[in-house]
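Step one of this worksheet: look at the structure below.
The values are calculated or read from the model by the stated rules, or taken from the named source; none is laboratory data. Bear in mind that the values here come from a model prediction, so they are computed numbers and not experimental data. Positions of Cβ are generated from backbone atoms using ideal geometry, with glycine treated the same way; all protein chains shown enter the neighbour counts.
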Amino acid sequence: DASPAEQRGFIALLELPDPVLFAYLTGRDTPTDPAQSHVIGKIATTT
């Protein structure tokens, strides 16, 4: 279950332009926002 902060970070990620989100998800770029970075990290380590 995602915390309220994680949910807000996830929603913020969904509002990004697709190329930016793709870059974050593929590791080509890193979010500067700590909440977004945390969510990307969780997505990357989820199997």
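For Asp1, are the conditions met, namely being surrounded by 12 or more Cβ atoms within 10 Å (Cβ to Cβ) and not in a helix (DSSP H, G or I)? Walk me through how you get there before you give the answer.
Numbers: surrounded by 12 or more Cβ atoms within 10 Å (Cβ to Cβ): no; not in a helix (DSSP H, G or I): yes.
Considered against the rule, which asks whether it is surrounded by 12 or more Cβ atoms within 10 Å (Cβ to Cβ) and not in a helix (DSSP H, G or I), Asp1 comes out as no.
Sub-7 Å Cβ pairs linking a first residue in region 25-39 that is over 15 Å from Glu15 (Cβ atoms) to a second residue that is part of a loop (DSSP other than H, G, I, E, B) and not hydroxyl-bearing (Ser, Thr, Tyr), at least 6 apart or interchain, are Ser37/Pro31, ordered by first then second residue.
In region 31-42, what count of residues is obtained for those that are among the β-branched types (Val, Ile, Thr) and surrounded by 12 or more Cβ atoms within 10 Å (Cβ to Cβ)?
Of the residues in region 31-42, 2 are among the β-branched types (Val, Ile, Thr) and surrounded by 12 or more Cβ atoms within 10 Å (Cβ to Cβ).
Which pairs turn up if I take residues in region 1-19 that are farther than 9 Å from Ala35 by Cα and of a type in the set (Val, Ile, Thr) and look for partners that are in a helix (DSSP H, G or I) and at pLDDT below 95 with beta carbon separation below 6 Å, at least 6 apart in sequence or on another chain? Close Cβ pairs satisfying both conditions: none exist.
Output the number of residues of region 19-38 satisfying the condition of being basic (Lys, Arg) and under 16 Å from Gln7 (Cβ atoms). Steps first, answer last, please.
If we filter region 19-38 for residues that are basic (Lys, Arg), which is where we start, we get 28.
Of the ones still in play, those that are also under 16 Å from Gln7 (Cβ atoms) are none.
Looking only at that region, the number is 0.
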